[in-house]
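Structure incoming, see below.
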Amino acid sequence: MNLLYISSSPVKSWLKAVHRFLPDADLFVWGQDDIKAGDVDYILVWNPPHGLLNTFPNAKAIFNLGAGVDALLEDQNLPRHIPIVRLVDPQLSAGMTEHVMYWVLHFQRHMHLYGRQKAQGKWLQHTPTNTQKRAVGILGLGELGQNAAHALMMMGFEDIAGWSRTRKELPGIESFAGDDELDDFLARTEILVCLLPNTTATQGLLNAKTLAVLPKGAFVINAGRGDLIQDDDLIEALTSGAIEAAALDVFRVEPLPQDHVFWTMDNVFITPHVASLTYPSSATKLIADGIDAIENGELPDHVVDLDKGY
Ligand code: NAP
Ligand code: GLV
């Protein structure tokens, strides 16, 4: 069985993981190893050049090496007759939950203010809002959002809500669903955690109109995709104080251009798309399960719905 690896990330750990979890498979690196297009059985991919994935006539599935498939779906020539499988991995969820927890606690405990005060040599105490009463809202209550919500509950947050396309029945988490309930969700949310996929329906969803629905002094944490946010509108809200601070991990253009205003704002915290990284060992184990399903005539888990776009 031949696997083709298409990614700019180093292949070494993937080779090791394939050797362990798919001992009968050979992993070829696109652009480096010689393999005939017709001999490729499965494709492991992250951010491929457009048009490439359609050139492997016998490929049986495409495994995306991350949760978000937006970069794949932008390819107009993407093969639509084989499953495209996205990564749903407990380790990826754990990484995202750590990131979310870190920033929620950062804002909850006023660390953004103490950082500023240290630079001023200023000793001033701020009383944290009661954690049980702090309203956290998760925009995108999917695999990652639910995991983060549960961890926040364990941490003592009791006022947690999520927004998704379809309604969820999750003990302790208030579920808002669909466009009609977005404003109600935002209006009750003091710390907004964004974990939505990048689709035509979510692009620009956080804009002047929706940001204005959040309570004054709310916080925004975005680790979904940068296209969710209208940057100029967020900058204005952060400048006026309508939004107190933001922690951004993803951006419309990555790396974030040097001249972007976000770099200069002391209430914007920037991480370089590292909220949760893929671990080759755990991901390859899941890919091996998916391949096993296909080889047994079944559909693998987590096949992307091309119409929904995630
Ligand atoms: P997921 O399981 O597919 O969850 C997506 C959630 O968004 C679901 O709850 C879905 O609603 C909701 N949603 C999608 N479109 C919507 C819309 N138009 N209106 C309302 N809700 C909508 O995805 P995931 O695994 O949690 O990953 C989420 C995203 O995180 C990825 O797509 C990726 O962009 C990002 N990510 C970032 C990093 C990083 O390092 N920064 C790492 C991993 C992933 P339903 O439940 O009703 O379908
Ligand atoms: C990372 O951004 C992912 O989508 O897994």
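The values are calculated or read from the model by the stated rules, or taken from the named source; none is laboratory data. Because the structure is a prediction, the values reported are computed rather than measured. For neighbour counting, all protein chains shown are included, and Cβ atoms are generated from backbone atoms with ideal geometry for every residue, glycine included. SASA here: full protein model, heavy atoms, side chains in, ligands and nucleic acids out. Shrake-Rupley method; radii C 1.70, N 1.55, O 1.52, S 1.80 Å.
Projected onto the charge dipole of the chain (+1 at Lys/Arg Cβ, -1 at Asp/Glu Cβ, origin at the Cα centre), which of Ala37, His112, Asn147 gives the Cα projection farthest towards the positive end?
The residue sitting farthest along the positive end of the dipole is His112.
Pairs of alpha-carbon atoms within less than 8 angstrom and 6+ residues apart define the contacts here; what relative contact order does the chain have, in percent? Can you show the working numbers first?
Values: 551 pairs, mean separation 52.2, N = 310.
With pairs under 8 Å counted, the relative contact order is 17 percent.
List the lysines whose Cα lies under 24 Å from the Cα of Lys285, skipping any in the same chain that are fewer than 8 positions away.
Once the sequence-local lysines are set aside, what remains near Lys285 is Lys12, Lys16, Lys60.
I've got another one for you. Can you tell me the 0 to 90 degree angle between the C-alpha axis of helix 111-120 and the longest principal axis of the chain, rounded to 10?
So the inclination is approximately 60 degrees.
Only Lys, Arg, Asp and Glu count, each charged at its Cβ (+1, +1, -1, -1), so figure out the dipole size of region 235-292 about its Cα centre, rounded to 20 debye. Don't skip to the end; give the middle numbers.
Values: 2 positive and 8 negative charges, 25 e Å.
The calculated dipole for region 235-292 is roughly 120 debye.
Something else about it: Would you mind getting the accessible area per residue of the chain, heavy atoms of the protein chains only, 1.4 Å probe, in Å²? Don't jump to the answer; show the numbers that get you there.
Working: 15570 Å² over 310 residues.
The answer is 50 Å² per residue.
I've got another one for you. Quick one: compute the contact order of region 242-285, relative version, from alpha carbon pairs under 8 angstrom and 6+ residues apart, as a percent. Let's see the in-between values first.
Values: 27 pairs, mean separation 21.1, N = 44.
Once divided by the residue count of region 242-285, the mean separation gives 48 percent.
Something else now. In a shell of Cβ-Cβ distance under 13 Å around Trp163, excluding Trp163 itself, what net charge do Lys and Arg (+1) and Asp and Glu (-1) give?
Result for the local shell: -2.
If I take every Cα pair under 8 Å that is 6 or more residues apart in region 192-265, average their sequence separation and divide by the length, what percent do I get for the relative contact order?
Values: 107 pairs, mean separation 25.2, N = 74.
Reported relative contact order: 34 percent.
Along each of its three principal axes, how wide is the spread of alpha-carbon positions in region 90-270, in whole angstrom units, largest first?
Between the extreme Cα coordinates on each principal axis of region 90-270 lie 48, 35, 33 Å.
Any idea what the dipole of region 92-216 comes to, in debye rounded to 20, about its Cα centre with Lys/Arg Cβ at +1 and Asp/Glu Cβ at -1?
On the way: 12 positive and 12 negative charges, 142 e Å.
Taking the Cα centre of region 92-216 as origin, the dipole is about 680 debye.
What is the helix-to-structure angle for 12-21, meaning the angle in degrees between its Cα long axis and the longest Cα principal axis of the chain, kept from 0 to 90 and rounded to the nearest 10?
With rounding to tens, the tilt is 70 degrees.
To the nearest 20 debye, what is the magnitude of the charge dipole of the chain about its Cα centre, counting +1 on the Cβ of each Lys and Arg and -1 on the Cβ of each Asp and Glu? Display every interim value, and only then the final one.
Values: 23 positive and 39 negative charges, 199 e Å.
Charge dipole, the chain, about its Cα centre: 960 debye, nearest 20.
Which trypsin sites (Lys or Arg not before Pro) in region 191-234 pass both tests, a DSSP loop state and at most 16 other beta-carbon atoms within 10 Å? Don't skip to the end; give the middle numbers.
Values: sites: Lys209, Lys216, Arg225; in loops: Lys216, Arg225.
Passing both the DSSP loop test and the Cβ count: Lys216.
I've got another one for you. With everything on Cα atoms, drop me the angle between helix 143-155 and the longest principal axis of the chain, reported from 0 to 90° to the nearest 10.
40
Rounded to the nearest 500, what is the 222 nm mean residue ellipticity of the chain from helices alone, with -39500 (n - 2.57) per DSSP H run of 4+ residues and division by all residues? Spell out each step's value before the answer.
Numbers: 9 runs with 92 residues, N = 310.
Mean residue ellipticity at 222 nm (helix-derived): -9000 deg cm²/dmol.
Please report the carbon-and-sulfur percent of the accessible area for the chain; probe 1.4 Å, protein heavy atoms only, DNA, RNA and ligands left out.
Numbers: 7910 of 15570 Å².
Of all accessible area on the chain, carbon and sulfur atoms account for 51 percent.
What are the ³J(HN,Hα) values, in whole Hz, obtained from phi via the Karplus relation 6.51 cos²θ - 1.76 cosθ + 1.60 with θ = phi - 60°, for each residue of region 245-259 in sequence order, with x given for Gly and Pro?
Residue by residue, region 245-259 yields 7, 9, 10, 10, 10, 10, 9, 4, 10, 10, x, 4, x, 4, 8 Hz.
Considering amide H positions built from the backbone, and no H for Pro or chain starts, which residues 5 or more places from Ala61, or on another chain, come under 5 Å of its amide H?
It is Ile43, by chain and number.
What is the local net charge at Pro272, summed over the other residues whose Cβ is closer than 15 Å to its Cβ (Lys, Arg +1; Asp, Glu -1)? Before the final figure, lay out each step's value.
Numbers: positive: Arg225, Arg252; negative: Asp249, Glu254.
Its environment carries a net charge of 0.
Specify the residue with the greatest mean-square fluctuation among Ser240, Ser93, Ser276, computed from a Gaussian network of the chain linking alpha-carbon atoms under 10 Å apart.
Its mean-square fluctuation being the largest, the pick is Ser240.
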